[in-house]
Amino acid sequence: MDARVTPAAMAAPPHDPAPWQPALQALWADTLPELTVPCRAQRWPAPRLVWLHDAVVAALGWPVEALHGPDGVALLAGAALPPAARPVALVYAGHQFGRWAGRLGDGRALLLGEVACPNGALVDVGLKGSGATPLARGGDGRAALGPMLREALVSEAMHALGIPTTRTLAVLTTGDTVWRDGPQPGAWLVRVATSHLRVGTFQWVAALDDPGLLRRLWRFAAQRHDPALLEGLNPDACDPDRVQAWLGAVVLRQARLVALWMGVGFIHGVMNTDNMTISGETIDYGPCAFMEGYDPATVHSSIDLGGRYAWGNQPRIAQWNLARLSETLLPLLHPDHDTAVALATDAVRAFGSAYQRAWRAVMRAKLGLAAPHPGGAASPVAWPPTVPAQDDAWTEDDDALITDWLNALAAERVDWTLAHRRLANAVADVAQAGLGALPEHAPAPLHALWSEAAPLQRWWGRWRARCVRDGVGAPVRAAAMRRANPWYIPRNQRMEEVLHAALAGDLAPARAFAAVLQRPFDEQPGAERWAAPAPPEWAQRYVTFCGT
Ligand code: AMP
Ligand code: MG
């Protein structure tokens with residue numbers, strides 16, 4: 001805080017200034033009234049702010065101190081909103097576990113409005129767990145403290161890992177009890193998203209079979225996330241080429257997002273079409289978890305009995321969801337149905353190669369494999385990578401090297417996070433010792449993660465040769481790898497531990513965990529226990545619940 005007293009402040013009249021209020025817009029309500037239901041948040045007996053993320057408050061341009069007092073709590077409760085605010089529940093549909101579920105919508109969420117941030121971005125600010133809306137379908141509209149803190153911790157960890165995500169501004173407790181498998185402290189969360197446009201939003205409009213509304217929705221989405229596509233286009237118009245380009249942009253964002261998830265071992269857990277954004281942000285943290293020992297079939301969600309949303313299935317599911325999105329756009333893609341289907345199919349097929357390029361970039365960053373540049377020197381892939389426009393000369397060899405690394409990890413279910421970080425540290429040790437070359441054999445800390453070292457040794461020899469080939473020096477490679485391979489992720493066992501303490505009234509462990517997760521790539525003295533994997537027996541039995 002700047003404590004200087006400016007002349008203007010000294011001259012200000014000595015009465016209390018009007019309490020601060022945010023400027024909340026009502027763009028969803030104004031532009032897409034058919035997709036909104038006016039609604040108010042429930043009143044709670046003793047609302048209390050338990051978690052406030054200053055960085056998110058600052059990103060909105062809101063004064064942190066204003067949120068700490070009773071007025072702030074009333075605002076975050078949706079109880080004292082500026083007069084122009086028009087809070088709404090949003091309507092959407094979706095496929096859940098592959099089955100059409102029809103209309104869903106915000107049953108326990110409320111969009112307070114949009115905020116124009118100081119950096120020029122426009123974001124949605126909403127509540128989750130704020131009481132039953134007319135879309136609650138018999139649900140209680142509530143949330144419990146455990147799942148809300150979990151979303152706060154994981155979403156902010158994802159942000160620090162460089163992965164697009166909705167953010168958590170605050171968590172508040174209601175002062176009463178919500179019933180799940182037993183009594184739980186009631187809570188809600190204040191969420192910030194670049195938008196709450198979901199694949200399911202388009203699905204609901206397609207189900208209404210209202211071409212005018214579909215055009216308006218598409219324009220709303222394009223305005224929000226891809227405004228360049230609307231340049232020079234008449235208001236209300238909808239150009240097929242631009243719709244196609246837009247679909248391509250959504251496909252690319254999702255390919256990148258899922259590749260980044262995969263890179264940190266994130267398992268969303270419930271990738272239904274209503275839980276996939278148009279913005280390319282991770283949304284709706286429920287039964288999510290992080291893979292520890294490498295096994296593509298890893299699944300922890302209690303409701304995912306068939307493993308549909310297992311770690312290794314996520315790219316395929318993202319493409320399936322995008323196919324559902326593309327179907328909704330057929331009337332905008334071409335007047336002739338068959339032609340429209342062909343265009344949509346092409347767009348969804350493009351996910352396959354986009355994802356491969358995204359995944360290769362992720363793994364190159366993690367394994368320290370520099371990318372070749374035509375006519376120039378190779379350079380390390382910076383984290384978080386963007387999706388390269390095309391394959392390159394080293395694609396095939398690198399794909400084989402990546403596959404063999406994964407096979408070596410799979411052979412002993414080696415911890416995903418630790419293996420990559422120790423590989424990065426092996427290069428850092430070479431750099432620190434001022435050695436010119438990587439050792440012939442994998443160093444002990446990496447070696448120690450395997451009981452049978454032969455597959456690792458064989459791989460190490462090829463990886464070492466690849467590093468020689470790209471010509472990047474150890475200091476540069478080590479720095480890039482340490483920025484691509486976190487030391488700290490929200491490990492499942494630690495998450496359970498801090499949530500358990502929080503439910504017993506002690507938030508200190510959750511705060512300590514959050515602080516460590518803010519700097520996931522820096523080895524923090526005294527924070528070793530947050531980096532340790534769970535015992536394999538624990539990890540394999542770990543089950544997450546939807547938390548609704
Ligand atoms: P989710 O699986 O959490 O994305 O939620 C799927 C749908 O169920 C969404 O329409 C939610 O709004 C709704 N929902 C989840 N939990 C509740 C609840 N406790 N009360 C009302 N609606 C809920
Ligand atoms: Mg959802």
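Remarks
- Some residue of segment 358-379 being within 19 Å of ARG483 (Cβ to Cβ), among the β-branched types (Val, Ile, Thr) and crowded, with 21+ Cβ neighbours inside 10 Å: yes
- Which listed residue is buried (at least 24 other Cβ atoms within 10 Å of the Cβ), closer than 15 Å to ALA55 by Cα and within 16 Å of ligand 1 (Cβ to nearest atom), from THR174, THR166: THR166
- In segment 505-533, the residues that are under 22 Å from ASP415 (Cα atoms) form Cβ pairs under 6 Å with partners that are surrounded by 14 or more Cβ atoms within 10 Å (Cβ to Cβ) and of a type in the set (Ser, Thr, Tyr), at six or more places apart or across chains, as follows: VAL516/TYR488; LEU517/TYR488; PRO520/TYR488; TRP530/TYR488; ALA531/TYR488.
- Residue check for ASN321: within 16 Å of ligand 2 (Cβ to nearest atom), polar (S, T, N, Q) and either closer than 26 Å to LEU449 by Cα or out of contact with any Gly (no Cβ under 8 Å at 6 or more places or on another chain) (or both): yes
- One residue alone among ALA350, ALA342 is farther than 21 Å from TRP100 by Cβ, surrounded by fewer than 23 Cβ atoms within 10 Å (Cβ to Cβ) and in contact (Cβ under 8 Å) with a residue 40 or more places away in the chain, and that residue is ALA350.
- Neighbours by Cβ (under 8 Å, 6+ apart or cross-chain): first from segment 94-116, more than 19 Å from PRO134 (Cβ to Cβ); second within 15 Å of ligand 2 (Cβ to nearest atom) and of a type in the set (Phe, Trp, Tyr): none
- Residue in segment 262-273 that is nearest to ligand 2 (Cβ to nearest atom), counting only those that are surrounded by 24 or more Cβ atoms within 10 Å (Cβ to Cβ) and in a helix (DSSP H, G or I): THR273
- Within segment 1-98, helices (runs of 4 or more DSSP H) holding 3 or more residues that are of a type in the set (Gly, Ala, Ser), in the same structural domain as GLY120 (by TED's automatic domain parsing) and at pLDDT 90 or above: 54-60
- Residue selected from segment 274-312 under the condition outside any loop (DSSP other than H, G, I, E, B) and more than 15 Å from the chain's Cα centre (by Cα), by the criterion farthest from ligand 2 (Cβ to nearest atom): GLY293
- Restricting LEU149, LEU169 to those that are more than 16 Å from ligand 2 (Cβ to nearest atom), within 16 Å of the chain's Cα centre (by Cα) and assigned to a helix (DSSP H, G or I) reduces the list to LEU149.
- Flag if LEU369 is outside any loop (DSSP other than H, G, I, E, B), in contact with a Cys (Cβ under 9 Å, 6 or more places away or on another chain) and in contact (Cβ under 8 Å) with a residue 12 or more places away in the chain: no
- Within segment 129-160, being free of Cβ contacts under 8 Å to residues at least 40 places away in the same chain and away from ligand 1 (no atom under 12 Å from the Cβ) holds for one residue alone: HIS159.
- Test: PRO380 is modelled with pLDDT of 95 or more and not assigned by TED's automatic domain parsing to the domain that holds GLY312: yes
- Cross-chain or 6+ apart pairs with Cβ under 8 Å, segment 376-401 first and closer than 26 Å to ARG458 by Cα, then of a type in the set (Val, Ile, Thr) and buried (at least 16 other Cβ atoms within 10 Å of the Cβ): ALA378/VAL472; SER379/VAL472; PRO380/VAL472
- Among the residues of segment 106-116, those identified as within 20 Å of the chain's Cα centre (by Cα) and of a type outside the set (A, V, I, L, M) are ASP106, GLU114.
- Test: residue in segment 285-294 that is of a type in the set (Phe, Trp, Tyr), out of contact with any Cys (no Cβ under 6 Å at 6 or more places or on another chain) and within 16 Å of ligand 1 (Cβ to nearest atom): yes
- Looking at segment 437-532, the helices (runs of 4 or more DSSP H) lying wholly inside it that each contain 1 or more residues that are of a type in the set (Val, Ile, Thr) and buried (at least 20 other Cβ atoms within 10 Å of the Cβ) sit at 492-503, 508-517.
- Scanning segment 103-124 for residues that are closer than 17 Å to TYR285 by Cβ and either at pLDDT below 95 or not in a loop (DSSP other than H, G, I, E, B) (or both) yields ALA109, ASP124.
- Search result, residues across segment 189-215 that are within 30 Å of SER155 (Cβ to Cβ) and charged (D, E, K, R): ARG191, ARG198
- Just one of (1) basic (Lys, Arg); (2) touching a Gly at 6+ places or on another chain (Cβ under 8 Å); (3) assigned to a helix (DSSP H, G or I) fails for ARG422. It is (2).
The values are calculated or read from the model by the stated rules, or taken from the named source; none is laboratory data. Keep in mind the model is a prediction, meaning the values are calculated, not measured. Here Cβ is always computed from backbone atoms with ideal geometry, including for glycine, and neighbour counts include all displayed protein chains.
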